[in-house]
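Structure first, then comments.
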Amino acid sequence: MARIETPRRVRGTQDIFGEEQRRFSHVLDTFERVRRLYCFGRVDLPVFEATEVFARSIGETTDVVSKEMYTFPDRGGDSLTLRPEFTAGIARAFLTEGWQQYAPLKVTTSGAVFRYERPQKGRYRQFHQIDAEILGAPEPAADVELLVMADQLLRELGIADGVTLQLNTLGDAETREAWRAGLVAHFEAHRAELSEDSLTRLDKNPMRILDSKDPRDRPIADAAPDIDAYLTPEARTFFDAVTAGLDAAGVAWTRNARLVRGLDYYRHTAFEFVTDRLGAQGTVLAGGRYDGLVESLGGAPTAGVGWAAGVERLAMLVDEPAVEHPTVAVVPLDLSFETIAMGYAANLRRQGLTVHTDFRGNAKKRMQRAASADATHVIFVGPTLIEGSVTIKTMATGEQRNIGAAEVIEALR
């Protein structure tokens, strides 16, 4: 008989278990707790969208759209794409589900996202993000709230030390247009020295040349004009309000005048929380204001600002959470009390106790496994349960005593 070969895990995916899963869950649990403190609602979105949602929002000239998206035709012939990020789907839902009536809308989400790129430390082809967005709030206070929320999340995860908030302004539409023209003039003067990728970007998205890692481009990019020379008074006032709000909230920040977002719908605030604890890929959380995004999807002009963070990358930075141990283990004295013990364990769980149960072996072996599970107490279920009592053993001292079955919860307290 031919041997059946076991399927392998697909490259760029992961099976999350044990310590890794505890770190992962700790990030998500902390995120849920913090988002409630800031009165953000929770939304859940489809894993796939019409391809145009991402092509129109992320931009067809970006690497994400041109090289990294998982795009496929469904049986009806429609082009669908597994979500590579959350913001575009939230903006689409804002329009199609009538969420404009709730503006300013404060929402968070989390889950798997998909990008076809070379797997590396902390990066997978199916990975996970947490995401926070505010739609319909053009005020700088919305940017401040999101940044303070992000800062508190990192603090509560215990990873704020060594993480720096880098902040920049992209200005308003007038500022951005003037700066773009200044960048084009600068890079055109050095066209012969630019890399092939930057020559392509010069025609389509010149701001992205500032992000180039190519050694040929760096001296030219470093000499490019800063946005400050082009800021309108309104744009400068907006940025000053954001930084003043951060100062008032006690959030440290540093200016990075080279921090950009290439797409035209980005406005004003751009930011990244970065660390040197993850090697070259140092960004742990990033975002910005995207006042033109909803309009690019066919909606009315709508302010938007948000951020996202990779769960895997945050989990790499957190201390390992403690393993959760059961409060008690319920052990039948022999097999004839198995069913009764199962019912008694279910009743204890309904009252909020963490209960370990086993499925085989005699009482001695089950108690040994309860000890391995670090249960603090063992409850033996036997003939006395008919009379309303059980035997409870304190594992730390070995002390055993009979107690009323209905009194266990109070005794453990």
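Worth a mention:
- Values of log10 I(q)/I(0), in the order q = 0.10, 0.16, 0.19 Å⁻¹, for the range 328-412 under a Debye, Cα-only, solvent-free model: -0.19, -0.52, -0.76
- Cβ charges +1 (Lys, Arg) and -1 (Asp, Glu), total dipole of the range 328-412, debye: 280 debye
- Using a Förster distance of 45 Å, the FRET efficiency for Arg216-Ala2 (Cβ separation, nearest 0.05): 0.25
- Answer label for P(r) over Cα pairs in 20 Å bins from 0, in percent (calculated), chosen among (i) 21, 50, 28, 1; (ii) 30, 60, 10, 0; (iii) 22, 44, 23, 11, 1: (iii)
- Cβ-based charge dipole, the chain, positive-most Cα from Gly77, Ile379, Phe31: Ile379
- Judged by the ratio a/c of the largest to the smallest principal axis of the C-alpha gyration tensor, the range 133-177 counts as oblate, that ratio being 1.5 or greater while a/b is no larger than b/c.
- Between the listed residues Ile134, Ala322, Ile4, the Cα displaced farthest toward the positive end of the dipole of the chain, a dipole computed from Cβ unit charges relative to the Cα centre, is found at Ile4.
- In degrees, nearest ten, helix 338-350 long axis to first principal axis of the chain (Cα): 50 degrees
- For Phe24, Phe17, the sequence from fewest to most other C-beta atoms within 10 Å is Phe17, Phe24.
- Close amide H partners of His268, meaning residues 5 or more places away or on another chain with modelled amide H under 5 Å apart, are Leu170, Gly171, Asp172.
- Listed residues Glu295, Glu193, Glu156, most fluctuating in the chain (Gaussian network, C-alpha, under 10 Å): Glu193
- Neighbourhood net charge (13 Å Cβ-Cβ; Lys/Arg +1, Asp/Glu -1) for Asn402: -1
- Note on the chain: lysine pairs with Cα distance below 29 Å, sequence gap of 8 or more or different chains, count 7.
- A full extension of the chain between Tyr116 and Phe359 corresponds to an added length of 83.2 nm, given 0.36 nm per residue minus the alpha carbon distance.
- Taking 0.36 nm per residue of sequence separation and removing the Cα-Cα distance, the Cys39/Ala103 pair yields an extension gain of 21.7 nm.
- Its Cα centre serving as origin, the chain has a Cβ charge dipole (Lys and Arg +1, Asp and Glu -1) of approximately 1500 debye.
- Counted by neighbouring Cβ atoms within 10 Å, the residues Thr87, Thr254, Thr13 run from fewest to most as Thr254, Thr13, Thr87.
- Vicinal HN-Hα couplings computed from phi for the range 213-221 (Karplus, 6.51 cos²θ - 1.76 cosθ + 1.60; Hz; Gly/Pro x): 9, 5, x, 5, 8, 4, x, 6, 5
- Cβ crowding within 10 Å ranks Ile379, Ile409, Ile403, Ile4 as Ile4, Ile409, Ile403, Ile379, fewest other Cβ atoms first.
Bear in mind these aren't lab numbers, they're just calculated from the coordinates by the rules spelled out. In this text, all values refer to a predicted model and were calculated from it rather than measured experimentally. Reconstructed Cβ throughout: ideal geometry from the backbone, glycine too, with neighbour counts over all protein chains shown.
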